[in-house]
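What follows is a single structure, written as C-alpha cells, with notes after it.
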Amino acid sequence: MPTPADPLGHALLARRLAQIPGALAGMLDRPPPPLAPATRAARRFLITGTGSSEAHARHLCALINLHTDRAATFLPLSSFTVPAPQAAWRDKTLVVFSQGLSPNAQLALRRHREFAHTLLFTAATPAITRGAGKPERADLLQTLLDSGAELIPFPLAEEYTTLIRFVGPMCGYLAALQFVARLDGCSFAPPRPEQVLPPLDSAPPPELVAAMQDHPQRFAQGFNLLVSAPVSDYAQNLSCKFMEGLFWRCPMVSDFLQFAHGPFQQTTAAQSPVLILRNNTASDAEFVHRSVKMLRGVAIETHVLHVAADPLFAIFGFEAALNRLVFDLMQRQRTDQINWPGKGRDDLLYGFCPDT
C-alpha cells in the first residue's frame, strides 16, 4: 500500500534492487537439493509462463535444447484452455513458471494429471500463500505436492505492491540455470558466484542515459533492442521493463540476423532509436560492428550496451543495466508504480482461470 513517505513506490523498488545481489548470492551459496527421480528421468518438456515468467520459460527451453540431449517446447498459457489431442501430453513433463502462482498459471497446473510429471518454478509455498490469505492457491500447491509434482523455489515471495518486479525476474534465470546443470549430461557445470555476480555491476552507457533523460519522447513510442541468440529468444523481460516501469511501448526485440529482414527498413522509415546488447564473444563483436555501421549509415540513433560476460551469463548484466536505467527514468518522471494506469481493471484476463 502507498505510504505518505513513499507514495509512488520508488523507495520500495530501491530496496528491492538492493536485494538482488544478496538473493542471487544466497541461491549460489545454498545449492538446491538433488532433483527427484521423476524429474531426472524426464526427456520431453512442455514449458509455460507469462509476464516475466515467459522469459524464464523460454530461457529454460533454450538451456534444455542447447545444453542437454532432452527436448523442450514453449506453449503460451492460452494453450491450456482447449483440450489437447488424446495422449498428446502423456509422455511429457509440464513445467510452469509463476513467481506468485497467478490465476493464469493455474490454467496449466490444473491439468497436471494429463502429464507424466509436473514441475513448478515459484516463490510460493502452501504456508506462504495460506498466510497471505490465499487458501485456494495453497490448496492447489498442496494437491500438486501430494500428486508427486516437484517445486523449484526461487525468491522473492510476495513481490507485490508495484507493477514492475526486479528480484523475481533475476532469480528465475538463476533457478533455470541451476536446474539444467543438475540434469544428467548437461554441458555446463553448476553456476558459480564469479560467473553470476560480476555482471550485476553492468551499467547503461552514459550517452544512452543522457538521451533517454533529455529526449524521452524519442524512445517512449517504441525503439529497437538488437541482441544475439540465445538471449534473443528470452529477451521478453528486457523489453517489458520499459512498458511496466515507464508505461512506454515495448521495444521491439530482434536477433541480429533477423534485423535486416524488415525491422531495419521500418526503423529507417520511422527514424526510431536502436539499443544494441553485446556480450563478450567474437561473433557479437562482429555483429555489433556491422550493425552500428549499417545504422549510422542511415543516420539512426544507435547505442551499445556491452556486458563483459559469456552468453550463458550475459542476461544478468543486461537485466542489471536496464534495471538501473528504467529506475532512474522512473524517478525522474515520477512514474506511479503503486496506482498504475488500469489498476484493478484487468481482472477479466489477469484473473482468467475457469474451473477444470
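Taking the range 276-305 as the range and being in contact (Cβ under 8 Å) with a residue 60 or more places away in the chain and over 17 Å from Ala211 (Cα atoms) as the test, only Ser291 passes. Among the candidates Gln337, Gln258, the residue that is over 30 Å from Gln19 (Cβ atoms) and at pLDDT 95 or above is uniquely Gln258. Checking the structure you have, find out if any residue of the range 225-240 is open to solvent by 40 Å² or more (accessible area, probe 1.4 Å), within 30 Å of Pro341 (Cβ to Cβ) and not small (Gly, Ala, Ser). Within the range 225-240 (the criterion being open to solvent by 40 Å² or more (accessible area, probe 1.4 Å), within 30 Å of Pro341 (Cβ to Cβ) and not small (Gly, Ala, Ser)), the answer is yes, since at least one residue qualifies.
May I ask you to verify whether Ala229 is of a type in the set (Gly, Ala, Ser) and farther than 27 Å from Thr48 by Cβ? Considered against the rule, which asks whether it is of a type in the set (Gly, Ala, Ser) and farther than 27 Å from Thr48 by Cβ, Ala229 comes out as no.
Being open to solvent by 40 Å² or more (accessible area, probe 1.4 Å), under 15 Å from Phe313 (Cβ atoms) and free of Cβ contacts under 8 Å to residues at least 60 places away in the same chain is the requirement here; does Ala181 meet it?
On the way: open to solvent by 40 Å² or more (accessible area, probe 1.4 Å): no; under 15 Å from Phe313 (Cβ atoms): yes; free of Cβ contacts under 8 Å to residues at least 60 places away in the same chain: yes.
The answer is no for Ala181.
Test Ala203 against the stated conditions and say whether it is open to solvent by 10 Å² or more (accessible area, probe 1.4 Å) and among the small types (Gly, Ala, Ser). So Ala203 fits the description; yes.
Looking only at the range 123-155, residues that are loosely packed, with under 15 Cβ neighbours inside 10 Å and either assigned to a loop (DSSP other than H, G, I, E, B) or in contact (Cβ under 8 Å) with a residue 60 or more places away in the chain (or both) come to 3 in all. Whenever a residue of the range 231-255 is free of Cβ contacts under 8 Å to residues at least 24 places away in the same chain, its partners that are open to solvent by less than 10 Å² (accessible area, probe 1.4 Å), lying with C-beta atoms within less than 8 angstrom and at least six residues away or across chains, give the pairs Ser239/Leu225; Ser239/Pro251.
Any chance the range 203-215 includes a residue that's assigned to a loop (DSSP other than H, G, I, E, B), among the hydrophobic types (A, V, I, L, M, F, W, C) and farther than 25 Å from Ala18 by Cβ? No - not one qualifying residue is present in the range 203-215.
Got at least one residue in the range 136-150 being in contact with a strand residue (DSSP E or B) (Cβ under 8 Å, 6 or more places away or on another chain) and acidic (Asp, Glu)? Spell out the reasoning first.
Within the range 136-150, the subset in contact with a strand residue (DSSP E or B) (Cβ under 8 Å, 6 or more places away or on another chain) is 141, 144-145, 147-150.
With the extra rule that they be acidic (Asp, Glu), the set shrinks to 150.
Scanning the range 136-150, I find at least one residue that is in contact with a strand residue (DSSP E or B) (Cβ under 8 Å, 6 or more places away or on another chain) and acidic (Asp, Glu), so the answer is yes.
Output the residues belonging to the range 302-341 that are hydrophobic (A, V, I, L, M, F, W, C), over 22 Å from Leu63 (Cα atoms) and not in a loop (DSSP other than H, G, I, E, B).
Here is the first cut: in the range 302-341, the residues hydrophobic (A, V, I, L, M, F, W, C) are 304-305, 307-309, 312-316, 318, 320-322, 325-327, 329-330, 338, 340.
Restricting the remaining residues to those that are over 22 Å from Leu63 (Cα atoms) gives 304-305, 321-322, 325-327, 329-330, 338, 340.
Residues satisfying the conditions are Val304, Leu305, Ala321, Leu322, Leu325, Val326, Phe327, Leu329, Met330.
The values are calculated or read from the model by the stated rules, or taken from the named source; none is laboratory data. Note that the structure is a prediction, hence the values are computed from the model and not measured. Heads up, the Cβs are rebuilt from the backbone with ideal geometry, glycines too, and the neighbour counts pull from every protein chain shown. Protein only, heavy atoms only, side chains kept; ligands, DNA and RNA dropped before computing areas. Shrake-Rupley method; radii C 1.70, N 1.55, O 1.52, S 1.80 Å.
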